[in-house]
Amino acid sequence: MPSNSTANPSELSRDNNNNNITTSHLQQHTPSSPPQATPTKRRFDDLNLKDKSAQQSHLHAAASSSTNTAAAPNKRSRSELFAASSAAHPTTATTPPAMSAKLKGKRPASGPPEVIDLTQGSNNSAGSSPVATSSHSHIRGPPLSSSHNMGRTSTAPLNPKGGGGMATGKTPGGTNYLQTHIGARRLVVKNLRPVATQTQTEEAHYARIRGDLDTALKAIFSGHGAGAGAGAAPALGGYSPSPGGPGGQSRGGTAGNNTTTGGQPMEKLYRGVEDICRRGKKESGELYEWLKDRCKGWLNSDEVLKSLLAAAPSIASDMGGEEDVILLRAVLAAWKRWIAQLLVIRWIFSYLDRSYLLPGGSGTTVEGKGKSASGKREGPTSVNDMGISAFRSAMYSSRSRNGANMLTIGARVVNAVCVLVMFDRLDDSRFDSQLLRESVAMLRLWGVYGKELELKFINESREYVRRFAEERSESCGLKDYIVTCERLLNKESERCDVYNFDSTTKRQLKDDAHDILIFNYAEKLLDSGSVATLLDANDLDSIKALYELLKLSGIQKRLKGPWEQYIRKAGAAIVSDTARGDEMIIRILQLRRALDVMIRDAFGRDEDFTYGLRDAFGFFINDKSVSSSWNTGTSKVGEMIAKHIDMLLRGGLKTLPKALLSDVKDRQDAERSGIASTADEDAELDRQLDHSLELFRFIQGKDIFEAFYKKDLARRLLMGRSASRDAERNMLAKLKNECGSSFTHNLEIMFKDQELAKDEIASYKTWLAGRGEDSPVANSELDLSVNVLSAAAWPTYPDVRVLLPQNVLDHITTFDTYYKSKHTGRRLTWKHNLAHCVVKARFDRGPKELLVSAFQAIVLVLFNEAEEKSPDGILSYEQLASATGMPDPELQRTLQSLACGKTRVLNKHPKGRDVNKTDTFSINKSFTDPKFRVKINQIQLKETKEENKETHERVAQDRQFETQAAIVRIMKSRKKMAHAQLVAEVINQTKQRGAVDAADIKANIEKLIEKDYIEREGGNYVYLA
């Protein structure tokens, strides 16, 4: 029994090399074994089947003879499958050929499809021809085709070269089916037609693809292609390939809504490019060169270039560059259109981009990672880069010139960008910010930013800044020049940021501007007179701007010279102003405060300027030519610093102007350093004392400060006028830390005497209570308190003659007796002018306690006796003078404080502010005050010039003694020294106490030679034991 072989027509596959259709998967089986079906895999869509059921049928063809089987070729060309109609039924319905899975439902139905007809044959030879058999009689295959008449059948040509049998079958209803259960049938292939060769078919296929691509490019260039909108990215709907991968569905729709370009679906164009690229490297390169030539041809065509040149035909007009701006607008619009068109081209040729043009792809020559040994990529570039390069080449081609001597469009575009920048600098209404921003971005994409735009922009900017500097330097002062320069630099920097200029362009532009505006005009910026004017006006903003400008060129340190020069000049003017001597330290501190704020806020705490400030202060404070206007021979500043500290310790912060008080930044700095808390009054007083102490550090002759400070401290301690005892102790600790314990030794003794006086008076009261009634002051209502002071530590005070009341005199005598009995060999000298009292007074409106000085109390108690003698209680000036025994100046000051001051407990007749010897006085019985204890200040007699001069002379004399003592100490240790060495050593040891001239040192050496402390021996001095 012959073996039966079955073939499944649905298993026809494509040979990738020759595009033939082969019958495969032939299986030998017995009628009892079921046929096995294999899925169809096909690439071309030439064969379409309308009825999907025809693709799923299982047709089993049995080979009846081995000769026929051997004669049939194993592979067949797709073109050999052709449409044939049945001889009996010429109007048989046709079915489309089967499509690949990718193309199913995507290829439009165009033209009549090829038809495979299966018809029933008349000869049923069992052994001589292939038959169709079925192993299962109960299985019925799906219909192969649809028919208009139930009685008609279809024929299917399978083998054009050999005879074929026909397998036919009908259902009872008349529909043809492949009925394998009724026995073997022959398949007959009819109407065989000749086909072209394989090479001709492939060339025709690729020629058709190129034609479709050419048509698509023409449509894109003309603006009729998909997405070729004017200046906007194409809005593609439906299914379209993306540059990043093969075809796929877009977000706009499904595969049924293909976007067409030039009448062709973009999917088909994309697949055509893919087919060409898969063919080989040579074909891919040819496709790339073809695309590049087409793009360049279009961009260099008259349609593109002439339309741009027509926008601004001439460059030699007087429109100030506006014609180039018009051309720039046209070029930018054309660039946007080209970018939109290029995007569609990239979509179509994305497979070429991904396979042939990527670094390392088949179309590039790379070394390393896609780059050559020189670091540049070799071979063709991407489609996007090629399109940009083509546009740039067109803009710079000779065809873009509007005349033989005219510039290219690209050069005019660069010039237009510079014109727009100039419009912005001049605040011209023709300036277009968006146009400038987009133009810079366009030139950056062209790749001509660094070679064309940046060079021209920097050159024109440099010329503009040069003209600007010349005009402003001649017409503006320093302040206005600083403001305009700062504004110009900020505007240029902001322009570079806003309009997408490179950071390198910005840096080069700023460097050039700094050199021209600042370095070339440094002489104007550093003019001492102009800088002094700004500092004098305390123009913080201008000084800060000046410092920042100089810092940009790195010459900010050169400002230190005018800075120190101004400080020396301003400080010397304050010190030498004899008319405002009392305000000297306040003014110096105000100057120091303003300069400190300037260093903090304008100079960024630059230490160089801090050191310059210290040097300048030390210079004018110790400059003898400056202090010579006071004719004191010693430092006037030291005296005034001591008086300023006395004012602070007596009156606190209320004695200072608000300009000297610390601001918020100072308090924050103090808190960060842990010095003091914010807004604390004691802390602020401590900071003000520190400021005064900083001035004290500059003084070379500190002995003058010591003399006046000790004098003022004694008055504060004895009169109880210190605002804060803690502040006094704190100031003493600061001086001890600054100058050493020897400087503050006497000052510490003064505080110690105050403590010992309390113990002494307590001991006196105990002694007085022990005497009982035997004491002359046993029944006295007077309470006496005495401060016993060390004469060596305290300053000397003049003795003032005064007649004390009898009860006070008794107490003084008693205390003198007590003290001498306790301390043998000591003598007390009473200083009544430093004493103070508390007097109880009864007025018509109520009793009061008056805090007065001893002189004021002596005057007041005299009116008790006057009321007893006369009801009016009037005393004349002469009566008061004889009763008190005080000198006229003291008596006049005392009466003036009681009768002419703010608190008037006496009435003066006649009224007036001055006390005359003809005036009379009486008690002001109607006196009233909201406080029970009223303090009546003694009018402070200003220190006379004679007293002040005497103090300075005493200090100078003490300085001579200190100089002689230093000479003796040095000679005692060295035994023998030369004159120059001795003078240098003396100056070094005495400079802290007070600077002494070389002439004064020589005079003291002569005095010591006369006193036989030293002698001359040759050119040296020898110490005599």
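The values are calculated or read from the model by the stated rules, or taken from the named source; none is laboratory data. From a predicted model like this one, the values you see are computed outputs, not experimental measurements. Because the Cβ atoms are built from the backbone with ideal geometry, glycine has one as well, and the counts that use them run over all protein chains shown. Each accessible area value is taken on the protein alone, full model and side chains, heavy atoms only, with ligands, DNA and RNA left out. Shrake-Rupley method; radii C 1.70, N 1.55, O 1.52, S 1.80 Å.
Would you pick out the residues in segment 284-310 that are part of a helix (DSSP H, G or I), open to solvent by less than 40 Å² (accessible area, probe 1.4 Å) and either of a type outside the set (A, V, I, L, M) or over 16 Å from LEU213 (Cα atoms) (or both)?
Residues satisfying the conditions are SER284, GLY285, TYR288, CYS295, LEU299, VAL304, LEU305, LEU308, LEU309.
Look at ILE874 and say whether it is within 30 Å of THR920 (Cβ to Cβ), in contact with a His (Cβ under 9 Å, 6 or more places away or on another chain), open to solvent by 50 Å² or more (accessible area, probe 1.4 Å) and not basic (Lys, Arg).
yes
Looking at segment 505-513, is at least one residue within 26 Å of the chain's Cα centre (by Cα), crowded, with 19+ Cβ neighbours inside 10 Å and under 23 Å from ASP541 (Cα atoms)? Working first, answer last.
Of all residues in segment 505-513, those within 26 Å of the chain's Cα centre (by Cα) come to 505-513.
Adding the requirement that they be crowded, with 19+ Cβ neighbours inside 10 Å leaves 505, 509, 513.
From the residues that got through so far, the ones that are under 23 Å from ASP541 (Cα atoms) too are 513.
Yes, because at least one residue in segment 505-513 is within 26 Å of the chain's Cα centre (by Cα), crowded, with 19+ Cβ neighbours inside 10 Å and under 23 Å from ASP541 (Cα atoms).
Can you confirm whether segment 941-950 contains a residue that is assigned to a loop (DSSP other than H, G, I, E, B), touching a residue at least 12 places away in the same chain (Cβ under 8 Å) and surrounded by fewer than 17 Cβ atoms within 10 Å (Cβ to Cβ)? Explain how you work it out, then say what you get.
Within segment 941-950, the first condition is being assigned to a loop (DSSP other than H, G, I, E, B), and the residues that meet it are 941-944.
Filter again for touching a residue at least 12 places away in the same chain (Cβ under 8 Å), leaving 941.
In the following step, the residues that additionally are surrounded by fewer than 17 Cβ atoms within 10 Å (Cβ to Cβ) were identified as 941.
Checked against the condition, which is being assigned to a loop (DSSP other than H, G, I, E, B), touching a residue at least 12 places away in the same chain (Cβ under 8 Å) and surrounded by fewer than 17 Cβ atoms within 10 Å (Cβ to Cβ), segment 941-950 yields at least one hit.
Please tell me if VAL838 is under 22 Å from LEU784 (Cα atoms), β-branched (Val, Ile, Thr) and assigned to a strand (DSSP E or B). Break it down stepwise before answering.
Details: under 22 Å from LEU784 (Cα atoms): yes; β-branched (Val, Ile, Thr): yes; assigned to a strand (DSSP E or B): yes.
Answer is yes for this residue.
Here are ASP810, ASP888, ASP844: which of them is open to solvent by 20 Å² or more (accessible area, probe 1.4 Å) and closer than 26 Å to PHE932 by Cα?
On the way: ASP810 fails: closer than 26 Å to PHE932 by Cα; ASP888 fails: closer than 26 Å to PHE932 by Cα.
Only one candidate passes the filter, namely ASP844.
Taking helices (runs of 4 or more DSSP H) that do not extend beyond segment 534-653, which have at least 2 residues that are exposed (fewer than 15 other Cβ atoms within 10 Å of the Cβ)? Give the steps one after another, and end with the answer.
Values: elements: 540-552, 560-575, 584-597, 607-622, 624-627, 636-651.
In segment 534-653, 560-575, 607-622, 624-627 are the helices (runs of 4 or more DSSP H) which contain 2 or more residues that are exposed (fewer than 15 other Cβ atoms within 10 Å of the Cβ).
Quickly run through segment 904-921 and pick out the residues that are part of a loop (DSSP other than H, G, I, E, B) and surrounded by fewer than 17 Cβ atoms within 10 Å (Cβ to Cβ).
Narrowing segment 904-921 to residues part of a loop (DSSP other than H, G, I, E, B): 904-905, 910-919.
Passing the criteria: ARG904, PRO910, LYS911, GLY912, ARG913, ASP914, ASN916, LYS917, THR918.
Please enumerate the residues belonging to segment 955-995 that are of a type in the set (D, E, K, R), open to solvent by less than 100 Å² (accessible area, probe 1.4 Å) and not in a loop (DSSP other than H, G, I, E, B).
Result: ASP958, ARG959, GLU962, GLU985.
Among the residues of segment 998-1014, how many are open to solvent by 70 Å² or more (accessible area, probe 1.4 Å) and without any contact (Cβ under 8 Å) to a residue 12 or more places away in the chain? Full working, then the answer.
Here is the first cut: in segment 998-1014, the ones open to solvent by 70 Å² or more (accessible area, probe 1.4 Å) are 999, 1002, 1007, 1010-1013.
If we keep only those that are without any contact (Cβ under 8 Å) to a residue 12 or more places away in the chain too, we end up with 999, 1010-1011.
Within segment 998-1014, residues that are open to solvent by 70 Å² or more (accessible area, probe 1.4 Å) and without any contact (Cβ under 8 Å) to a residue 12 or more places away in the chain number 3.
May I ask you to verify whether PHE863 is among the aromatic types (Phe, Trp, Tyr), touching a residue at least 24 places away in the same chain (Cβ under 8 Å) and surrounded by fewer than 19 Cβ atoms within 10 Å (Cβ to Cβ)? Write out each step before concluding.
On the way: among the aromatic types (Phe, Trp, Tyr): yes; touching a residue at least 24 places away in the same chain (Cβ under 8 Å): yes; surrounded by fewer than 19 Cβ atoms within 10 Å (Cβ to Cβ): no.
In short, no.
Report yes if PHE431 is assigned to a helix (DSSP H, G or I) and farther than 24 Å from VAL304 by Cα, otherwise no. Break it down into steps so the answer makes sense when it comes.
Numbers: assigned to a helix (DSSP H, G or I): no; farther than 24 Å from VAL304 by Cα: yes.
Spelling it out, it is not the case that PHE431 is assigned to a helix (DSSP H, G or I) and farther than 24 Å from VAL304 by Cα.
Any residue in segment 465-485 that's in contact (Cβ under 8 Å) with a residue 60 or more places away in the chain and open to solvent by 40 Å² or more (accessible area, probe 1.4 Å): show its pairings with residues that are of a type outside the set (Gly, Ala, Ser) and not in a helix (DSSP H, G or I) at Cβ separation under 7 Å, as long as the two are six or more apart or on different chains.
Taking only residues 6 or more apart or on different chains, the pairs are LYS479/ASP539.
Take the residues in segment 209-240 that are out of contact with any helix residue (DSSP H, G or I) (no Cβ under 8 Å at 6 or more places or on another chain) and over 26 Å from ALA334 (Cα atoms); name whichever of them is modelled with the lowest pLDDT.
It comes out as GLY238.
Would you pick out the residues in segment 726-777 that are in contact with a Leu (Cβ under 8 Å, 6 or more places away or on another chain), closer than 24 Å to GLY652 by Cα and among the polar types (S, T, N, Q)?
ASN730, THR744, GLN754
Could you list, in sequence order, all residues of segment 724-765 that are of a type outside the set (D, E, K, R) and open to solvent by 60 Å² or more (accessible area, probe 1.4 Å)?
Passing the criteria: ASN737, SER741, SER742, HIS745, LEU756.
One residue is enough: does segment 655-675 have a residue meeting the conditions within 19 Å of THR951 (Cβ to Cβ) and without any contact (Cβ under 8 Å) to a residue 12 or more places away in the chain?
No, segment 655-675 contains no residue that is within 19 Å of THR951 (Cβ to Cβ) and without any contact (Cβ under 8 Å) to a residue 12 or more places away in the chain.
Can you find even one residue in segment 833-848 that is at pLDDT 90 or above and of a type in the set (Val, Ile, Thr)?
Yes, because at least one residue in segment 833-848 is at pLDDT 90 or above and of a type in the set (Val, Ile, Thr).
Test SER821 against the stated conditions and say whether it is open to solvent by less than 50 Å² (accessible area, probe 1.4 Å) and more than 22 Å from LYS840 (Cα to Cα).
Working: open to solvent by less than 50 Å² (accessible area, probe 1.4 Å): no; more than 22 Å from LYS840 (Cα to Cα): yes.
Criteria not met by SER821.
Would you call ALA334 assigned to a helix (DSSP H, G or I), small (Gly, Ala, Ser) and at pLDDT below 85? So that I can check it myself, show each step before the final result.
Details: assigned to a helix (DSSP H, G or I): yes; small (Gly, Ala, Ser): yes; at pLDDT below 85: no.
For ALA334, the condition - assigned to a helix (DSSP H, G or I), small (Gly, Ala, Ser) and at pLDDT below 85 - is not met.
Mind checking whether some residue in segment 435-458 is open to solvent by less than 80 Å² (accessible area, probe 1.4 Å) and farther than 30 Å from GLY387 by Cα?
no
For (1) of a type in the set (D, E, K, R); (2) more than 29 Å from GLU738 (Cβ to Cβ); (3) more than 60 Å from the chain's Cα centre (by Cα); (4) modelled with pLDDT of 90 or more, each residue gets a yes or a no:
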{"residue": "VAL968", "(1), (2), (3), (4)": "no, no, yes, yes"}
{"residue": "MET971", "(1), (2), (3), (4)": "no, yes, yes, yes"}
{"residue": "ASN988", "(1), (2), (3), (4)": "no, no, no, no"}
{"residue": "GLN992", "(1), (2), (3), (4)": "no, no, no, no"}
{"residue": "ALA995", "(1), (2), (3), (4)": "no, no, no, no"}
{"residue": "ALA998", "(1), (2), (3), (4)": "no, no, no, no"}
{"residue": "TYR1021", "(1), (2), (3), (4)": "no, yes, yes, yes"}
{"residue": "ALA1025", "(1), (2), (3), (4)": "no, yes, yes, no"}
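For GLY387, state whether it is in contact with a Cys (Cβ under 7 Å, 6 or more places away or on another chain) and within 21 Å of SER301 (Cβ to Cβ).
On the way: in contact with a Cys (Cβ under 7 Å, 6 or more places away or on another chain): yes; within 21 Å of SER301 (Cβ to Cβ): yes.
It is true that GLY387 is in contact with a Cys (Cβ under 7 Å, 6 or more places away or on another chain) and within 21 Å of SER301 (Cβ to Cβ).
Take the conditions more than 30 Å from TYR547 (Cβ to Cβ) and either charged (D, E, K, R) or out of contact with any strand residue (DSSP E or B) (no Cβ under 7 Å at 6 or more places or on another chain) (or both) and apply them to GLU454. Does it pass?
Details: more than 30 Å from TYR547 (Cβ to Cβ): yes; either charged (D, E, K, R) or out of contact with any strand residue (DSSP E or B) (no Cβ under 7 Å at 6 or more places or on another chain) (or both): yes.
When the stated conditions are applied, GLU454 passes them.
Conditions (1) of a type in the set (Gly, Ala, Ser); (2) at pLDDT below 90; (3) more than 44 Å from the chain's Cα centre (by Cα), marked per residue:
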position: ALA330; (1), (2), (3): yes, no, no
position: ALA340; (1), (2), (3): yes, no, no
position: LEU343; (1), (2), (3): no, no, no
position: TYR356; (1), (2), (3): no, yes, yes
position: VAL366; (1), (2), (3): no, yes, no
position: LYS371; (1), (2), (3): no, yes, no
position: ARG412; (1), (2), (3): no, no, no
